[in-house]
Amino acid sequence: MEQNTEKTVKRNSWIGPLIIGICIMGSCAAIAFGLMHFRSKSEHTIAATGSASVDFEADTIIWRGSYSAWAYSSKDAYKKIRKDADLIMDYLIENDIKEDEIVFNSVDIARNYKDNYDENGNYIGSEPNGYTLTQSVTVTSGNVENVEWISRDISSLLDDGIELTSGSPEYYYSDLDALKLDLIDKASENARDRIEIIAKNADADLGKLKNSSLGVFQITAKNSGTGSYSYDGAFDSSSRYKTATITVRLEYDLK
């Protein structure tokens, strides 16, 4: 009886490790199969990035100018700046700018102070020294050439005593959404063409589209080069003639 019990104990002592060993081997085999299957799937794809660009001309121009007036009293300063605004309006309309294309912004008022010093050059305080009023005017128009000329000629108002500062014109395109959609279509076609060439040379057949992603939309000055691109998308507004660029990345399964 004792011999049978001893045999049973010995037998059970190696069955447990055997079962554990089989389980470990099975797990390793499953992991290896999974890695081989994953690697096989990942290798059966092909991807390429396509691009498209177009040169275009801005059809909208924005010009901004600012002017100021000074007087000892705020009332007199306001009368002067209102007179300047009327002269600027007349000048713009005389040069074929429509009234609804002109916007005068609110007037900013600042009180001036003059520092006083004694005969030894020591600061002894300050006193009020009149008011300075500032106003800006904005012109938005589709007549690009005309507003360009005005932005350069506006300094002629100095002859009327108007202290006007002219800003640089800004250029925009009114149908940017349509332009962007057209570029996306062309960039997608370019990416597809590249993938088909690669697949053909690799003697492979394309399957279904697996992934697609849209790159950054860039608008730069024409002939400015790729150095004008930025990571989050350049948007040039200083040039009348521009280039728009976009990229599209496509990834396909292979049969």
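The values are calculated or read from the model by the stated rules, or taken from the named source; none is laboratory data. Just so it is clear, the structure is predicted and the values come from calculations on it, not from any experiment. Please note: Cβ atoms are built from the backbone with ideal geometry, for glycine as well, and neighbour counts cover all protein chains shown.
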Of (1) exposed (fewer than 13 other Cβ atoms within 10 Å of the Cβ); (2) touching a strand residue (DSSP E or B) at 6+ places or on another chain (Cβ under 8 Å), ASP203 satisfies all except one. Which? (2)
Does ILE97 satisfy the criteria of being assigned to a loop (DSSP other than H, G, I, E, B), of a type outside the set (Ser, Thr, Tyr) and touching a Ser or Thr at 6+ places or on another chain (Cβ under 8 Å)? yes
Could you run through the range 154-179 and say how many residues are charged (D, E, K, R) and over 17 Å from ASP84 (Cβ atoms)? 3
Hey, does the range 234-248 have a residue that's part of a helix (DSSP H, G or I), among the hydrophobic types (A, V, I, L, M, F, W, C) and either modelled with pLDDT of 95 or more or within 28 Å of ASN143 (Cα to Cα) (or both)? no
Before we move on, is ASP182 assigned by TED's automatic domain parsing to the domain that holds TYR241, assigned to a helix (DSSP H, G or I), at pLDDT 95 or above and surrounded by fewer than 13 Cβ atoms within 10 Å (Cβ to Cβ)? no
